[in-house]
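Colleague: I'd like to ask some things about the structure below.
The values are calculated or read from the model by the stated rules, or taken from the named source; none is laboratory data. Small disclaimer: the values here were computed from a predicted structure and weren't measured. With ideal geometry, Cβ positions are generated from the backbone for all residues, glycine too; neighbour counts draw on all protein chains shown.
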Amino acid sequence: MTEAKFLVVALCVIGVVAGFNFVVDPLQIFHPARFYRPVYPSEERMHNAGLIRSQTFDTVLMGDSIALHVRSSEVDEHLGTHSVKLVMSGAASREQNFVLEVALTRHPTRVLWEMNDSTFVDSPEIDALPYFPADLYRKNLKGMAGYLFNLETGREAAWSILRSWKPLRRLSYALMRAGYLKYDNNDLNELNTFDPALVASSYNAKRSLAAYKYYSIPGNRQRLSAGYSYDALVRNFERDAFQFIQGHSDTNFTIYFAPFSMVQYAAMRDFGTPDMLSTFYRFNAYALQRLAQLPNVTVFDFRDDSEISHNLDNFADAIHHSPAIGVLLLSRIANGENRVEKADPARSIERLKRQIDAYTLPQ
Amino acid sequence: MIGSLLIRAKLSPAARFAALTAGVAGDLLVLGYFKYAGFLAANLNALVSTQLTVNILLPVGISFYTFTQIAFLVDAHRGEVARYQLPYYALFVTYFPHLIAGPILHHKDVIPQFEQERSKRPDPHLVRCGLIIFSIGLFKKTCIADAIQPFVALGFGPTPPSFDQAWIGALAYTFQLYFDFSGYSDMAIGISLMFGIFLPLNFNSPYKAKNIIDFWRRWHMTLSQFLRDYLYIPLGGNRRGIVLRYVNLMVTMALGGLWHGAAWTFIAWGVLHGAYLCVNHAWNRYGPSIPPKLAGPANIAAFALTFLSVAVAWVFFRADSITSAIAIVSRMARPDLFVYGDRERLAAAYVIIFGLIAFLAPNTQQLLGYDHASRKVGISFADNVTSSRLFYAAACLLAFGILGIQKHSEFIYFRF
């Protein structure tokens with residue numbers, strides 16, 4: 001059977017590539033890197049699938065872009081943990097919930113979770129997100145086939161080995177910079193952190209105020225309040241946070257609400273829909289009250305910390321604080337500052353409301 | 001129904017013409033509704049500030065099977081269509097290998113093959129050759145076209161490119177489109193061959209062309225033939241003087257551009273090629289003859305000029321708007337704006353490698369000895385295909401083609 005011979009040859013080649021991908025396993029899905037120094041892709045949704053399986057940790061750092069620049073070493077230094085960072089830029093609550101669910105199968109004792117209302121605005125089902133490699137986390141047949149029977153995996157696997165040979169190292173860096181190789185970080189602690197040389201030019205009042213100006217343009221106003229409904233926020237919060245935490249009573253959750261610049265609230269006040277701010281207050285009061293009911297949760301709220309939020313030099317835009325503030329928050333969490341009292345959980349929101357009412361933008 | 005009427009009924013010439021008009025208009029109305037209604041509404045909105053919104057999903061491959069049926073009706077009107085049985089006609093229109101991105105089939109070529117007894121039984125030799133052609137096509141698509149695709153964004157990104165980025169983007173797209181579309185055509189031809197049906201060739205190393213007329217004999221050949229037979233010649237072709245010949249060329253190519261999509265960029269691309277063809281014909285007629293001594297350098301110059309003209313025209317084909325196309329082309333003429341970073345160097349290497357394949361490598365039909373006219377293929381290894389290196393190489397290409405399949409990878413011509 002000539003046709004069979006043809007297909008057997010093709011299948012053999014496919015098998016060799018898949019076998020090579022399995023042995024090298026550049027994402028460390030099946031086993032930690034054995035005979036080469038591991039390299040990680042900067043795409044969080046990809047590398048998290050491997051980190052969950054390849055790293056040893058007792059604490060998970062979760063959140064969205066607000067917490068992206070935090071280093072695991074900084075968490076460990078302040079909180080005395082051995083953490084893994086699974087933060088994902090732009091992650092909706094469903095994505096965070098999904099990744100945490102897989103990470104908790106490794107039985108960490110603590111989750112440090114950066115939370116904010118925007119993650120609960122629009123949170124579609126995980127399989128409806130075309131960019132999320134959910135099957136890689138599930139480690140099912142589809143996910144494993146997509147990973148192993150893949151030339152891209154093979155290319156990254158080959159270069160993971162080739163770059164340990166000195167003469168090819170420089171070329172591999174050039175190929176990384178050129179975007180040919182997606183696995184381009186070999187220091188896990190520095191993954192998606194911010195270059196200190198760029199801090200001054202990236203975090204300043206000028207940029208924060210530019211965000212306000214952006215939302216002042218009529219065509220951009222819709223972006224500010226699109227999908228911002230109380231019912232959706234509560235529904236997603238209940239499903240992705242409250243019920244999830246309730247279902248993992250043996251894990252301690254340290255949840256913190258990071259500070260936004262006052263520019264964000266001023267924009268919500270001045271350019272959002274008429275009920276946007278009231279929805280914000282109502283939802284956050286609700287969320288803080290619900291979290292206070294859970295015995296395995298400790299909440300920190302930094303949003304009413306006017307020292308941080310009123311100093312616009314701390315921000316790159318309306319919401320993203322600087323790496324230095326990120327470290328400050330960790331030290332405050334370690335010291336128990338800005339902790340939400342279970343007896344009066346919504347007090348921080350009431351304080352924030354008074355600040356927003358009184359706030360005027362610097363000229 | 002109208003085809004049947006034109007073939008079977010004894011109608012007066014006026015009635016036959018009315019039937020043809022109704023049939024073609026019906027085909028064009030359906031195509032116009034699905035493909036051009038949004039475009040018309042957008043232009044109307046721009047002209048008279050109406051608030052028309054049209055959101056219609058485009059059926060995949062509608063342009064291809066509409067043309068197939070128009071050709072059938074026109075030939076039926078000309079009395080050039082045999083009395084095909086309805087199942088064969090239905091199979092001809094819906095024949096799946098070509099359905100979504102061509103080649104554009106002609107009833108005279110394909111329906112007689114359906115009717116032949118030998119095409120109703122699998123032929124092992126044709127199955128093997130089909131597998132090999134399919135494998136080459138899949139490899140072209142997933143390992144070449146998709147590999148170069150990320151570099152197209154260098155020229156066609158949201159910010160104006162530099163000189164080198166504009167050229168790299170334009171050339172990357174030039175090769176991506178060729179390997180993508182010819183890859184699909186190879187896959188369609190390969191699958192069809194496994195069923196014993198020879199589909200017409202759609203590409204014949206187009207970037208090896210030495211002039212634009214030659215390019216159109218090598219690029220999307222079935223569309224060129226259709227436009228020639230059913231648009232250019234009915235418009236008068238070259239029979240009504242030189243001026244009208246050029247006018248007909250421009251009209252044909254502009255409509256050929258519009259066939260690709262409802263956007264001014266496609267029309268501009270068509271008009272540009274129309275202009276190229278007019279210049280080419282004028283050069284053939286009025287230009288100096290090249291002395292034999294200079295034939296070599298002249299051929300190289302002709303090849304380079306043709307390729308660069310085609311690449312510049314692709315900028316209009318790919319750009320989001322005429323304005324951005326002009327911006328990119330103008331950057332292609334600004335050598336003072338030069339970046340040449342790591343990404344540009346890598347992209348340039350890709351462009352050169354894939355360019356060498358397009359310019360120097362034999363094409364699929366040359367490798368396989370695919371002769372559509374005489375319905376022959378793979379004669380050189382018909383007796384013992386397993387002794388052929390091509391056989392094992394194609395099996396490897398199939399493997400790499402499958403391994404290269406990405407989650408989000410569609411054929412460019414699916415949308416036309």
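Colleague: Between B:ILE402, B:ILE379, which is under 22 Å from A:ALA10 (Cα atoms) and β-branched (Val, Ile, Thr)?
Modeller: B:ILE402
Colleague: While we're on this one: Among the residues that make up region B:159-166, is at least one of them outside any helix (DSSP H, G or I), buried (at least 24 other Cβ atoms within 10 Å of the Cβ) and on the phi < 0 side of the Ramachandran plot?
Modeller: Of all residues in region B:159-166, those outside any helix (DSSP H, G or I) come to B:159-162.
Filter once more, so that each one left must be buried (at least 24 other Cβ atoms within 10 Å of the Cβ): B:161.
If we keep only those that are on the phi < 0 side of the Ramachandran plot as well, we get B:161.
Yes: region B:159-166 contains one or more residues that are outside any helix (DSSP H, G or I), buried (at least 24 other Cβ atoms within 10 Å of the Cβ) and on the phi < 0 side of the Ramachandran plot.
Colleague: Go through region A:163-200 and count every residue that is over 23 Å from the mean Cα position of the chain (by Cα) and of a type in the set (S, T, N, Q).
Modeller: Counting residues in region A:163-200 that are over 23 Å from the mean Cα position of the chain (by Cα) and of a type in the set (S, T, N, Q) gives 2.
Colleague: Yes or no: A:LEU233 of a type in the set (A, V, I, L, M, F, W, C) and under 27 Å from A:HIS310 (Cβ atoms)?
Modeller: In short, yes.
Colleague: Okay, moving on. Residue by residue through region A:216-267, note down the ones that are within 22 Å of A:ALA358 (Cα to Cα), touching a Lys or Arg at 6+ places or on another chain (Cβ under 6 Å) and of a type in the set (Phe, Trp, Tyr).
Modeller: Of everything in region A:216-267, just one residue is within 22 Å of A:ALA358 (Cα to Cα), touching a Lys or Arg at 6+ places or on another chain (Cβ under 6 Å) and of a type in the set (Phe, Trp, Tyr), namely A:PHE257.
Colleague: Can you tell me which residue in region B:286-316 is surrounded by the fewest Cβ atoms within 10 Å (Cβ to Cβ), limited to those that are within 17 Å of B:ILE328 (Cβ to Cβ) and of a type in the set (A, V, I, L, M)?
Modeller: B:LEU308
Colleague: While we're on this one: Give me the pairs, please: first residue somewhere in region A:157-168 and touching a residue at least 60 places away in the same chain (Cβ under 8 Å), second residue anywhere and among the charged types (D, E, K, R), beta-carbon distance under 6 Å, and either six or more positions apart or on two chains.
Modeller: Hits for this filter: A:ARG163/A:ARG169.
Colleague: Tally up the residues in region B:300-326 that are closer than 23 Å to B:LEU258 by Cβ and either assigned to a helix (DSSP H, G or I) or at pLDDT 95 or above (or both), please.
Modeller: Step one: list which residues in region B:300-326 are closer than 23 Å to B:LEU258 by Cβ, which gives B:309-326.
So of that shortlist, the ones also either assigned to a helix (DSSP H, G or I) or at pLDDT 95 or above (or both) come out as B:309-318, B:322-326.
Residues that pass the stated criteria total 15.
Colleague: Take the conditions on the phi < 0 side of the Ramachandran plot and surrounded by fewer than 22 Cβ atoms within 10 Å (Cβ to Cβ) and apply them to A:ALA18. Does it pass? Reasoning before the result, please.
Modeller: Details: on the phi < 0 side of the Ramachandran plot: yes; surrounded by fewer than 22 Cβ atoms within 10 Å (Cβ to Cβ): yes.
So A:ALA18 fits the description; yes.
Colleague: Within region B:369-416, which residues are modelled with pLDDT of 75 or more and more than 14 Å from chain A (Cβ to nearest Cβ)?
Modeller: Once the filter is applied, which keeps residues that are modelled with pLDDT of 75 or more and more than 14 Å from chain A (Cβ to nearest Cβ), region B:369-416 yields B:GLY369, B:TYR370, B:ASP371, B:HIS372, B:ALA373, B:SER374, B:ARG375, B:LYS376, B:VAL377, B:ILE379, B:SER380.
Colleague: Hey, another quick one. For B:ALA42, indicate whether it is of a type outside the set (S, T, N, Q) and either outside any helix (DSSP H, G or I) or surrounded by 14 or more Cβ atoms within 10 Å (Cβ to Cβ) (or both).
Modeller: Answer is yes for this residue.
Colleague: Collect the residues in region A:219-235 that are polar (S, T, N, Q) and part of a loop (DSSP other than H, G, I, E, B), keeping them in residue-number order.
Modeller: A:SER229
Colleague: Among the residues of region B:327-365, how many are touching a residue at least 40 places away in the same chain (Cβ under 8 Å), within 14 Å of another protein chain (Cβ to nearest Cβ) and either exposed (fewer than 13 other Cβ atoms within 10 Å of the Cβ) or not in a helix (DSSP H, G or I) (or both)?
Modeller: Adding up the residues that qualify gives 2.
Colleague: Continuing with the same structure: Residue check: is B:LEU193 among the hydrophobic types (A, V, I, L, M, F, W, C), touching a Cys at 6+ places or on another chain (Cβ under 8 Å) and closer than 25 Å to B:ASP371 by Cβ? Please lay out each step first, then the result.
Modeller: Details: among the hydrophobic types (A, V, I, L, M, F, W, C): yes; touching a Cys at 6+ places or on another chain (Cβ under 8 Å): yes; closer than 25 Å to B:ASP371 by Cβ: yes.
Taking the combined requirement at face value, the residue satisfies it.
Colleague: Would you tally the residues in region A:276-310 being surrounded by fewer than 17 Cβ atoms within 10 Å (Cβ to Cβ), of a type in the set (S, T, N, Q) and within 18 Å of A:LEU352 (Cβ to Cβ)?
Modeller: 3
Colleague: Scan (1) in contact with a His (Cβ under 9 Å, 6 or more places away or on another chain); (2) within 14 Å of chain B (Cβ to nearest Cβ) for the single condition A:LEU100 breaks and write down its number.
Modeller: Just one mismatch for A:LEU100, condition (2).
Colleague: Hey, another quick one. Looking at region A:178-189, which of its residues are on the phi < 0 side of the Ramachandran plot, in a loop (DSSP other than H, G, I, E, B) and either within 12 Å of chain B (Cβ to nearest Cβ) or modelled with pLDDT under 80 (or both)?
Modeller: Taking region A:178-189 as the starting set, the residues that turn out to be on the phi < 0 side of the Ramachandran plot are A:178, A:180-189.
So of that shortlist, the ones also in a loop (DSSP other than H, G, I, E, B) come out as A:178, A:180-182, A:186-187.
Scanning region A:178-189 gives A:ALA178, A:TYR180, A:LEU181, A:LYS182.
Colleague: Could I ask something else about it? Taking the residues in region A:122-144 that are within 14 Å of another protein chain (Cβ to nearest Cβ) and acidic (Asp, Glu) as candidates, determine which candidate is farthest from A:ARG94 (Cα to Cα).
Modeller: By that ranking, first place goes to A:ASP135.
Colleague: Of all residues being within 14 Å of chain B (Cβ to nearest Cβ) and surrounded by fewer than 18 Cβ atoms within 10 Å (Cβ to Cβ) in region A:156-177, which is modelled with the lowest pLDDT? Just the residue, please. Before the answer, list the steps.
Modeller: Within region A:156-177, the first condition is being within 14 Å of chain B (Cβ to nearest Cβ), and the residues that meet it are A:156-159, A:170-177.
This time we only want the ones that are surrounded by fewer than 18 Cβ atoms within 10 Å (Cβ to Cβ), so: A:158, A:170-171, A:173-174, A:177.
Working: A:ALA158: 92, A:ARG170: 82, A:LEU171: 83, A:TYR173: 82, A:ALA174: 81, A:ARG177: 77.
Checking each candidate, the answer is A:ARG177.
Colleague: All but one of (1) touching a helix residue (DSSP H, G or I) at 6+ places or on another chain (Cβ under 9 Å); (2) farther than 25 Å from A:PRO323 by Cα hold for A:ILE52, so report the exception by its number.
Modeller: Checking A:ILE52 against (1) touching a helix residue (DSSP H, G or I) at 6+ places or on another chain (Cβ under 9 Å); (2) farther than 25 Å from A:PRO323 by Cα, the one that fails is (2).
Colleague: Only one of these is part of a helix (DSSP H, G or I), under 25 Å from A:SER208 (Cα atoms) and at pLDDT below 95: A:ALA318, A:ALA324. Name it.
Modeller: From the options A:ALA318, A:ALA324, the qualifying one is A:ALA324.
Colleague: Still on this structure: Output the number of residues of region B:188-200 satisfying the condition of being surrounded by 24 or more Cβ atoms within 10 Å (Cβ to Cβ) and either free of Cβ contacts under 8 Å to residues at least 12 places away in the same chain or not polar (S, T, N, Q) (or both).
Modeller: Of all residues in region B:188-200, those surrounded by 24 or more Cβ atoms within 10 Å (Cβ to Cβ) come to B:188-190, B:192-193, B:199.
Within this subset, residues satisfying the condition of being either free of Cβ contacts under 8 Å to residues at least 12 places away in the same chain or not polar (S, T, N, Q) (or both) are B:188-190, B:193, B:199.
Going through region B:188-200 one residue at a time, the tally reaches 5.
Colleague: Just a yes or no: is a residue in region A:11-33 away from chain B (no Cβ under 14 Å) and assigned to a strand (DSSP E or B)?
Modeller: Taking every residue of region A:11-33 in turn, none turns out to be away from chain B (no Cβ under 14 Å) and assigned to a strand (DSSP E or B).
Colleague: Restricting the search to region A:144-172, which residues are touching a Leu at 6+ places or on another chain (Cβ under 8 Å) and among the charged types (D, E, K, R)?
Modeller: A:ARG155, A:GLU156
Colleague: For the list (1) modelled with pLDDT under 95; (2) over 28 Å from A:ARG223 (Cβ atoms), I need the number of the one condition that A:THR360 fails.
Modeller: Exception for A:THR360: condition (2).
Colleague: Same structure again: Is it the case, given these coordinates, that A:LEU151 is in contact with a Cys (Cβ under 8 Å, 6 or more places away or on another chain) and either within 14 Å of chain B (Cβ to nearest Cβ) or of a type outside the set (Asp, Glu) (or both)?
Modeller: When the stated conditions are applied, A:LEU151 passes them.
Colleague: Assuming A:ASN192 fulfils every condition listed in (1) touching a helix residue (DSSP H, G or I) at 6+ places or on another chain (Cβ under 6 Å); (2) at positive phi apart from one, which condition is it?
Modeller: Only one criterion in (1) touching a helix residue (DSSP H, G or I) at 6+ places or on another chain (Cβ under 6 Å); (2) at positive phi is unmet by A:ASN192, namely (1).
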